[in-house]
Structures are given as C-alpha cells and as structure tokens.
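Engineer: Questions regarding the structure given below will be posed in turn.
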Amino acid sequence: KAGVTQTPRYLIKTRGQQVTLSCSPISGHRSVSWYQQTPGQGLQFLFEYFSETQRNKGNFPGRFSGRQFSNSRSEMNVSTLELGDSALYLCASSLDAGAGTEAFFGQGTRLTVV
Amino acid sequence: TQLLEQSPQFLSIQEGENLTVYCNSSSVFSSLQWYRQEPGEGPVLLVTVVTGGEVKKLKRLTFQFGDARKDSSLHITAAQPGDTGLYLCAGENTGNQFYFGTGTSLTVIP
C-alpha cells in the first residue's frame, strides 16, 4: 500500500510570506503528526491530529498551525515566515494511540526561507 | 525539553566492527521505536519495543528495551556501509505523542 506522501518536496519562500504543506497519510491511518527537523534542534514535535481534531501540541508559536480533513489528509501552515523556520518538515501517520503504535514518516518537505 | 538523550552523538567505525547506541531518559514510555534516517529522507521505522526487558533482533541489529521502560539500546554486529545513517530513538507516551532522541550519526567506512 502507498506510504505517507508529503507535498511539495522542496519549497523556497521569502521572509514574511506564508506557506502551506500537505500530508496524505497511509490509508486507514487516522492520526497525523507534524515535526520540524533542524541540524541544531533535531526532531521537534509540532502537533498531532486525530479525526480532524488537534489532540497534542508542541511548544511552537501560533504562527504554526494545522488542520486535518475528513479523509485524514492534513495540512500545516506557517505564517509570517522567519529565516529560522528553514527546516525539513516531516509528517508521520499512525493508526491510533496505544502502546506500540507505529509511526510511519513521509519523505518530508524541505523549506528554505530567504 | 529533550526527554531522550542518545549516545554517542557521532560514531565512525570500520566495516565489520560492532557498535552499540544508547537511548536514555528519566521518563517512562509506553513503547519505544528506533528509526534510521538517510540525508534528505524521512526516518524509516526499524523496530518497536513495548515490554520492559524486551529484546528484538532484526538480522544484525539487536534492540533492547530497559526493564523500567526508560532506556533502550541498539547493537549492530559486523557493521556494513549500508548501515550508515542517522539513528533515532523515539519514546511514545500514553497520549500518542512521540519524543525523539538527539540522534546518533553513524558512518561505516568500507
């Protein structure tokens, strides 16, 4: 079956702009999580959506937001981009909560803010 | 807050050598995953351990979950160049939130 698909793969934006990233989870998976990965900070949790509701949220400013649609596809939006937002943004899908839940990652979207 | 510390941070070894990577935390996790990530790609799941003391083997890789479910180790026997990559551990809390370790960058030299 198809894996997690993220689009676009690469993106270059200017400071102050906004950006929307998309994630299509594995069929049947209802949980989608978003992460920011940078060389200095590693993988940082942004938020998790389950059945169109934000269930968990990391420590990121309000400029970072997301949503999930009824088909479990998710989007992440970053407004008023800053240079420090340059990173690899990863989404992961899983079936549901519970011990042993396995998260499967997409290839990521490489965002460069100039 | 970084809940999971991995050591070593960087490791460069010759092909055929053995190595162990550690993942430590003061928190208890309901499960722990190990991933390998190659440059420009997303992490790929290697294994999930759930029970304290559990040991899982995946060919030349052996994973162990600590008895108290706070730490884990990954041992690679006879490392190959194809094992090169960033190894990440991730602990899952009861709320389906994953906390990732700091990562271990492994280079296996032919």
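The values are calculated or read from the model by the stated rules, or taken from the named source; none is laboratory data. Everything quoted here is computed from the prediction, not taken from an experiment. All Cβ positions, glycine included, derive from the backbone under ideal geometry; neighbour counts span all protein chains shown.
Engineer: Taking the conditions exactly as written (within 13 Å of chain B (Cβ to nearest Cβ), crowded, with 19+ Cβ neighbours inside 10 Å, touching a residue at least 24 places away in the same chain (Cβ under 8 Å) and not hydroxyl-bearing (Ser, Thr, Tyr)), does A:GLN68 satisfy them or not?
Structural biologist: Details: within 13 Å of chain B (Cβ to nearest Cβ): no; crowded, with 19+ Cβ neighbours inside 10 Å: yes; touching a residue at least 24 places away in the same chain (Cβ under 8 Å): yes; not hydroxyl-bearing (Ser, Thr, Tyr): yes.
For A:GLN68, the condition - within 13 Å of chain B (Cβ to nearest Cβ), crowded, with 19+ Cβ neighbours inside 10 Å, touching a residue at least 24 places away in the same chain (Cβ under 8 Å) and not hydroxyl-bearing (Ser, Thr, Tyr) - is not met.
Engineer: Ok, one more. Looking at B:GLU54, is it surrounded by fewer than 17 Cβ atoms within 10 Å (Cβ to Cβ) and either over 14 Å from A:GLU102 (Cβ atoms) or modelled with pLDDT of 95 or more (or both)?
Structural biologist: Values: surrounded by fewer than 17 Cβ atoms within 10 Å (Cβ to Cβ): no; either over 14 Å from A:GLU102 (Cβ atoms) or modelled with pLDDT of 95 or more (or both): yes.
No, not satisfied.
Engineer: Would you say A:GLY62 is over 15 Å from the mean Cα position of the chain (by Cα) and over 19 Å from B:GLU92 (Cβ atoms)?
Structural biologist: So A:GLY62 does not fit the description; no.
Engineer: Moving to a separate point now. Can you give me the number of residues within segment A:71-90 that are of a type in the set (Asp, Glu) and either free of Cβ contacts under 8 Å to residues at least 24 places away in the same chain or surrounded by fewer than 19 Cβ atoms within 10 Å (Cβ to Cβ) (or both)?
Structural biologist: From segment A:71-90, those of a type in the set (Asp, Glu) are A:75, A:82, A:85; that's our starting set.
Okay, now just the ones that are also either free of Cβ contacts under 8 Å to residues at least 24 places away in the same chain or surrounded by fewer than 19 Cβ atoms within 10 Å (Cβ to Cβ) (or both), so A:75, A:82.
Going through segment A:71-90 one residue at a time, the tally reaches 2.
Engineer: Oh, and also: When you scan segment B:64-110 for strands (runs of 3 or more DSSP E) that lie fully inside it, which ones turn up with 2 or more residues that are within 14 Å of chain A (Cβ to nearest Cβ) and either surrounded by fewer than 18 Cβ atoms within 10 Å (Cβ to Cβ) or at pLDDT 95 or above (or both)? Don't jump to the end; show me each part of the working.
Structural biologist: Working: elements: B:71-76, B:85-92, B:98-100, B:104-109.
Counting at least 2 such residues, we get B:85-92, B:104-109.
Residues are listed down the side, and each one gets a yes or a no for (1) over 15 Å from B:SER30 (Cβ atoms); (2) among the hydrophobic types (A, V, I, L, M, F, W, C):
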| residue | (1), (2) |
| --- | --- |
| B:LYS70 | no, no |
| B:LEU74 | yes, yes |
| B:PRO81 | yes, no |
| B:GLY85 | yes, no |
| B:ALA90 | no, yes |
| B:THR94 | no, no |
| B:GLN97 | no, no |
| B:THR102 | yes, no |
| B:LEU106 | yes, yes |
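Engineer: Now for a different question. Kindly check whether there is at least one residue in segment A:52-59 that is in contact (Cβ under 8 Å) with a residue 12 or more places away in the chain, surrounded by fewer than 16 Cβ atoms within 10 Å (Cβ to Cβ), more than 14 Å from every other protein chain (Cβ to nearest Cβ) and closer than 15 Å to A:ALA92 by Cβ.
Structural biologist: The answer is no; no qualifying residue exists.
Engineer: If I go through segment B:43-57 residue by residue, how many of them are more than 14 Å from chain A (Cβ to nearest Cβ) and not in a loop (DSSP other than H, G, I, E, B)? So that I can check it myself, show each step before the final result.
Structural biologist: To start, the set of residues in segment B:43-57 that are more than 14 Å from chain A (Cβ to nearest Cβ) comprises B:53, B:55, B:57.
Narrowing the set further to residues that are not in a loop (DSSP other than H, G, I, E, B) leaves B:55, B:57.
Of the residues in segment B:43-57, 2 are more than 14 Å from chain A (Cβ to nearest Cβ) and not in a loop (DSSP other than H, G, I, E, B).
Engineer: Follow-up question, since we're still on this one. Is it true that some residue in segment B:24-33 is assigned to a strand (DSSP E or B), out of contact with any Ser or Thr (no Cβ under 6 Å at 6 or more places or on another chain) and over 14 Å from B:GLY91 (Cβ atoms)?
Structural biologist: No.
Engineer: Please enumerate the residues belonging to segment A:5-40 that are surrounded by fewer than 22 Cβ atoms within 10 Å (Cβ to Cβ) and under 17 Å from A:GLU102 (Cβ atoms).
Structural biologist: If the condition is that a residue be surrounded by fewer than 22 Cβ atoms within 10 Å (Cβ to Cβ) and under 17 Å from A:GLU102 (Cβ atoms), then A:ILE26, A:SER27, A:GLY28, A:HIS29, A:ARG30 are the ones that fit.
Engineer: Can you spot a residue in segment B:34-50 that is surrounded by 13 or more Cβ atoms within 10 Å (Cβ to Cβ), over 18 Å from A:PHE105 (Cβ atoms) and over 12 Å from the mean Cα position of the chain (by Cα)?
Structural biologist: Yes, some residue in segment B:34-50 is surrounded by 13 or more Cβ atoms within 10 Å (Cβ to Cβ), over 18 Å from A:PHE105 (Cβ atoms) and over 12 Å from the mean Cα position of the chain (by Cα).
Engineer: Taking the residues in segment B:8-30 that are of a type in the set (Ser, Thr, Tyr) and at pLDDT below 95 as candidates, determine which candidate is nearest to A:GLY42 (Cα to Cα). Break it down into steps so the answer makes sense when it comes.
Structural biologist: Within segment B:8-30, the subset of a type in the set (Ser, Thr, Tyr) is B:12, B:20, B:22, B:25-27, B:30.
Within this subset, residues satisfying the condition of being at pLDDT below 95 are B:25-27, B:30.
Details: B:SER25: 16, B:SER26: 19, B:SER27: 19, B:SER30: 22 Å.
Here the answer is B:SER25.
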